[in-house]
1. Fully extended, how many nm does the chain gain between N207 and K13 (0.36 nm per residue separation, minus their Cα-Cα distance)?
2. Sorting check: for 459-466, 384-391, which peptide has the highest mean count of neighbouring beta carbons within 10 Å, and how do the rest follow?
3. Just going by the charge dipole of the stretch 266-449, with Lys and Arg at +1 and Asp and Glu at -1 on Cβ, which of T281, T271, Q391 is farthest out on the positive end?
4. At 0.36 nm per residue, minus the direct Cα-Cα distance, what do R485 and D329 gain on full extension? Give it in nm, one decimal, please.
5. Taking other Cβ within 10 Å of each residue's Cβ, how do W166, W479, W147 sort, fewest first?
6. Suppose R0 equals 25 Å. What FRET efficiency, 1/(1 + (r/R0)^6) with r the Cβ-Cβ distance, do Q409 and T317 give to the nearest 0.05?
7. Which ordering of M140, M483, M334 is given by a fewest-first count of other beta-carbon atoms within 10 Å?
8. So, R0 is 41 Å and r is the distance between the beta-carbons of Q146 and D4; what FRET efficiency does that work out to, to 0.05?
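What follows is calculated from the coordinates using simple rules that are stated; it is not laboratory data. What you are looking at is a predicted structure, and each value in this text was computed from that prediction instead of being measured. With ideal geometry, Cβ positions are generated from the backbone for all residues, glycine too; neighbour counts draw on all protein chains shown.
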Amino acid sequence: MKTDFLKKLGLKKVNNGTSTGLKSTNSKVLFKSFSPVDGSYIGSASVTTKKEYDKTVKTAQKAFEKWRLMPAPARGEIVRQYGNELRTHKESLGKLVSYEMGKSLQEGYGEVQEMIDICDFAVGLSRQLYGLSMHSERPMHRMYEQWHPLGIVGIISAFNFPVAVWSWNAMIAMVCGDVCIWKPSEKTPLSAIACQNILQKVLKANNVPEGVSCIINGDATAGQYLTEDKRIPLVSATGSTRMGKAVAATVGARLGKSLLELGGNNAIIVTPKADMKLVLTGGVFGAVGTAGQRCTSTRRMIIHESIYDTVKKKLATAYKQIKIGNPLDPKMHMGPLIDRDAVENYLSALIKIREQGGNFLVSGGSIKNKKGGCYVKPAIAEVTPDMDIVQTETFAPILYLMKYKTLDQAIKIQNNVPQGLSSAIMTDSLKEAELFLSVAGSDCGIANVNIGTSGAEIGGAFGGEKETGGGRESGSDSWKAYMRRQTNTLNYSKTVPLAQGIKFDL
Ligand code: NAD
């Protein structure tokens, strides 16, 4: 595999895993990044030590003192320039994301496009960080609220979106006046360092103080530096529910803020009024796209009993056409899982499905003769909603099929899991669609009609309820999570009237 894109992104065989933006430090401990595509060694990053971490925080704190004073539209201008640099590097960065994570090249490019989109969004936002003004009950008083930056935002990200999720957080936080320390997934360190290299150039050209955007590398221990640290007012963490519970407990114990984007268990309800073409495209992409390693991947299909057999047959036929192989080859639909542990988790889930009484329509299994050893076949299992395995997110291409009789029952099945990220209904009936979207409908953060569960646009607030963590990132008014609200009351009279008419005369 030709890897000239690494050079274009300023990556070496051994990369500094700790950087405050302009200067970098380099610990002796290295960890290696191997491509799940062909098992090749791509490069290494140094693990951030506690000492380096403390230095990074101090530099970030200093940078915040200056960055927060810069007018928000001027910060937006820097984000605009970063968006332009990403346009220039879209091809190289997209290829690296695809090669290091294993998603299709189209999705790798899509991830960089998402970064560009959020830059554009953040530039506009930099002129729209509005507060409300309200009428005071006291004469000659003015009351309003304004939003100030928080300080250092700690960003912990997952392997499956190695770059886009960071940019959702960092670009918004930066226009809000915060500075960021990013702890990327230990499975995709090079994609993160490449983003930082590109941003570094822009920050340097604009004489921005060192420390506005920092990176630390390592496993959960490096993440814990952020969660345990009182100097980090907000930790935004994306990953498994297991990780989110640990982060919430640690950050909560010091009364810090956490923004959690955790696991999903996403379902599509297919009603007798569904357009079958949409069901197949939305459903199959949702289940096998990114090899089932999206937080929004379709895990469950809840199908009306009258069309169950038809849908089942069509899915089985569609799955026969799925081409599995090198994700950089545009003819392939599905690439590898991230690593061998992920393959083991997938295989053990297949065993559990059988043990719990599931019946395989498409049997799945690992593909042994492909380089890297991380390729698997997608599986479809017929199950009942109450089975333990159906309640769990297995981060792999397994689709569960189940039957329903009434739409109320389908909605109950869809909601009756611990997670609450993404959901969809396939129907041409307005009544069915509206019921699904109503308060008696889906309990998820994302509810779609006639599109699948997978993927989202940056303009909407992204996130989910229950064990998905409750956080919202990206569009809409998610920016408020990165700022502190201040209510101001200003008296321009010559007396001091008290609220609620309380009398206090001296
Ligand atoms: P993971 O939980 O194993 O790791 C995620 C990140 O958390 C990594 O950077 C890891 O080093 C760090 N981490 C782990 N334990 C930690 C701890 N105790 N303290 C601090 N940091 C810690 O997740 P993963 O395997 O990389 O990603 C897959 C998971 O992420 C899936 O569950 C998926 O649904 C979820 N995800 C959710 C969203 C969302 O927006 N809801 C988006 C992408 C991925």
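1. 67.0 nm
2. 459-466, 384-391
3. So the residue furthest toward the plus end is T281.
4. Roughly 51.3 nm would be gained on extension.
5. Ranking W166, W479, W147 by Cβ neighbours within 10 Å, fewest first, gives W147, W479, W166.
6. 0.35
7. Least to most surrounded, the residues fall as M140, M483, M334.
8. E(calc), rounded to 0.05, equals 0.25.
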